[in-house]
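Scroll down for the structure; my scribbles are underneath it.
The values are calculated or read from the model by the stated rules, or taken from the named source; none is laboratory data. Small disclaimer: the values here were computed from a predicted structure and weren't measured. Positions of Cβ are backbone-derived with ideal geometry, glycine not excepted, and every protein chain shown enters the neighbour counts. Areas reflect the complete protein model, heavy atoms only, side chains present, ligands, DNA and RNA absent. Shrake-Rupley method; radii C 1.70, N 1.55, O 1.52, S 1.80 Å.
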Amino acid sequence: MCGFIGFTTSGGEAGFDRERLIGNMCERIRHRGPDDGGTYIDEKITLGFRRLSIIDLSDGGQPMKNEDGHVVIVFNGEIYNFMELRDDLIEKGHVFKTRCDTEVVLHGYEQYGEEIVKKLRGMFAFVIWDANAKTLFAARDFFGIKPFYYARIGENIVFGSEIKAMLEHPELTPSVNENALRPYLSFQYSSGDETFFEGIYKLPPAHTLTFRNGNLEIKRYWSIDFEEDTERSEDDFVAEIANEVKSAVTAHKISDVPVGSFLSGGVDSSYVTATLMPRHTFSVGFSDDKFNETNDAVRLSEILGVEHHTEILTPDECFDAFPDIQYHMDEPQANPSSVPLWFLSKLTRKYVTVVLSGEGADEIFGGYEWYEDTPEMRKYKRIPRPVRRAAASTAAHMPYFKGHDFVVKGGERPEEYFIGEAYVMTPKEADEILTPKYRNGKLPFEIAAPIYEKVADKDELTKKQYLDLCLWLPGDILLKADKMSMAHSIELRVPYLDRVIMKSAERIPSKYRVNEKASKYAFRRAASEVLPEEWAKRHKKGFPVPIKEWLREDKYYSVVKEYFTSDYASEFFDTEKIIALLDGHKSGRVNCQRKIWVIFTFLVWYKKFFIDYKKHPCDAEI
């Protein structure tokens, strides 16, 4: 696991020291690769790299060149089928100097061109520079596990694993994207290809980027395709899940350094742990039992016979670390679980460098509670669908009334009510607290609409899963997984997010994903083969954080209020209205924890990047 940064030059730039500049850029992402670093500079491009040594510890340095030096790669991630690809390339005449996966991608590009991305099994973001063709080719993995950002500067491009490194470039002046704040207040994360920095973009998952002669082309190379196989039995799917999970975990444990496992006590991480059987497992929690799964993790570790490490967090620790958490996120990210994940990664780094985790199982196999119908909804759905859809359509255009949301959801059209778990504020609620300048961003359902169009003929459950796989998973879950682990120089691997597993899961009928017996039904049955029944059936808790209680304590209320009443807060928000939210919550009259936290997170991020942030002093001034 590593980080890279780079930029092209066309010859017309004002003079600056590229070697000094790329050094400063690399320093910004040293946490992604504390073991080694390197640079490559030619007439047209400058590349920088930081390495966290995992495989081929002595010979995997980057940037890496081909035999004659005209093709150069910087690569972040792990390719789990690299040995098979390596054997194939050797048969075709390629000569390898290392046994690392980076060289496999390099020679694979020479052999297959852009098609190499379709052959990879793993997580990755990389850039390949062909000096002869003056062409830059980049790609991001299937699910968006590894980040990739880019920005145009005239006829050139700047790119990297993290935005903070890109900001070192003297021709990139950071400013807040005025269209980002409005949808963020609904989603709690940056949901589109644009970022919170004007002019800086995310390469979407499963896309390639080609830059040649000042022209930028972005293309999709892979898509999720849910198509139920109704000919196969429930037992067939359960057996296939068990086989694929075992295969994926085996592939994901390849490493020349020790591998551990996050263990929350839920079925996803427990299944990974029981399959991996690592020496070390890790969890964190809070003193309140409602926000603590560590006891379950300890018990399972004892049953499995592995060594468990855990810490109980205090609110002081969490608030003290929060500015650093948002700095490492690059963009405001208000999922409260980012906080315990920061400390979990910090704890893990004391023992191992690589850790496996359970992200992705909920989206792939149908695990979230918002995928399930309540008993009342199941009864309501006995009414003929055309009647329910007519009622939902009518309710959607009426003022809010008791039972409004129930009737709308009963119409089985998630396009009308579902944007993912984190629907924090409605557009109306967001506009009421935003200043006019920041009310122009896209509405949440405008963002979701083109995604829903791709699964217009699918059932309600599949539509929700597909939306989460496209928005929630890369924008929230995987972003914080990468940024929080890399902040502590940890390589986090997610074996469920494997294209082989996804290909299998696409064929599972909805009735085996979610039914009256359980969410993730077939998956839980597969997990029960290696887990005690209690863990295989355990209801999902997520990563609960007691922010509701914290915000009602004088000390932490005061911390948040200081941000809400700052001079810069009034640039974005109606100060009186956001203070009213905070006071109403503290009094206990209302529960506004998520609305307060999403505002607080943005202001912490803004202060970190636009008030406290300073570039490295260097010779790169224009």
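Criterion first (loosely packed, with under 15 Cβ neighbours inside 10 Å and under 24 Å from the mean Cα position of the chain (by Cα)) does Glu231 satisfy it?
No.
Take the residues in the range 502-515 that are open to solvent by 10 Å² or more (accessible area, probe 1.4 Å) and in a helix (DSSP H, G or I); name whichever of them is nearest to Asn295 (Cα to Cα).
Of everything passing the filter in the range 502-515, Tyr512 is nearest to Asn295 (Cα to Cα).
So in the range 593-618, with the set limited to residues that are open to solvent by 50 Å² or more (accessible area, probe 1.4 Å) and part of a loop (DSSP other than H, G, I, E, B), which one is nearest to Phe564 (Cα to Cα)?
Asp612
Working only within the range 516-538, note down all residues that are in a loop (DSSP other than H, G, I, E, B), in contact (Cβ under 8 Å) with a residue 24 or more places away in the chain and open to solvent by 30 Å² or more (accessible area, probe 1.4 Å).
Selection gives Glu516, Glu529, Val530, Pro532, Lys537, Arg538.
I'd like the full set of residues that are open to solvent by less than 20 Å² (accessible area, probe 1.4 Å) and either at pLDDT below 95 or assigned to a helix (DSSP H, G or I) (or both), limited to the range 316-336.
Correct list: Cys318, Ala321, Phe322, Ile325, Gln326, Met329.
Looking at the range 294-315 only, could you name the residues that are under 26 Å from Lys555 (Cα atoms) and surrounded by 15 or more Cβ atoms within 10 Å (Cβ to Cβ)?
Glu311, Leu313, Pro315
Does the range 172-196 hold any residues that are assigned to a strand (DSSP E or B) and in contact (Cβ under 8 Å) with a residue 60 or more places away in the chain, and which are they? Working first, answer last.
Filtering the range 172-196 for residues assigned to a strand (DSSP E or B) gives 176, 194.
Selection gives Val176 alone.
Any residue that is small (Gly, Ala, Ser) and in a loop (DSSP other than H, G, I, E, B) - is there at least one of those in the range 234-254?
No: the range 234-254 contains no residue that is small (Gly, Ala, Ser) and in a loop (DSSP other than H, G, I, E, B).
Give me the pairs: first residue in the range 489-515 and closer than 23 Å to Thr273 by Cβ, second residue open to solvent by 20 Å² or more (accessible area, probe 1.4 Å) and of a type in the set (S, T, N, Q), beta-carbon distance under 8 Å, and six or more apart or on different chains, which are they?
Pairs found: Ser489/Thr353; Ile490/Thr353; Glu491/Thr353; Val500/Ser247.
Tell me, which residue of the range 248-275 that is more than 22 Å from Trp342 (Cα to Cα) and more than 23 Å from the chain's Cα centre (by Cα) is least open to solvent (accessible area, probe 1.4 Å)?
It comes out as Ala274.
Taking Thr281 and the conditions (1) surrounded by fewer than 22 Cβ atoms within 10 Å (Cβ to Cβ); (2) outside any helix (DSSP H, G or I); (3) in contact with a Ser or Thr (Cβ under 6 Å, 6 or more places away or on another chain); (4) not basic (Lys, Arg), which numbered condition does it fall short on, given that it satisfies the others?
Only one criterion is unmet by Thr281, namely (1).
Going through the range 556-579 one residue at a time, which ones are open to solvent by 60 Å² or more (accessible area, probe 1.4 Å), in a helix (DSSP H, G or I) and either touching an Asp or Glu at 6+ places or on another chain (Cβ under 9 Å) or not small (Gly, Ala, Ser) (or both)?
Once the filter is applied, which keeps residues that are open to solvent by 60 Å² or more (accessible area, probe 1.4 Å), in a helix (DSSP H, G or I) and either touching an Asp or Glu at 6+ places or on another chain (Cβ under 9 Å) or not small (Gly, Ala, Ser) (or both), the range 556-579 yields Lys561, Glu562, Glu571, Glu576, Lys577.
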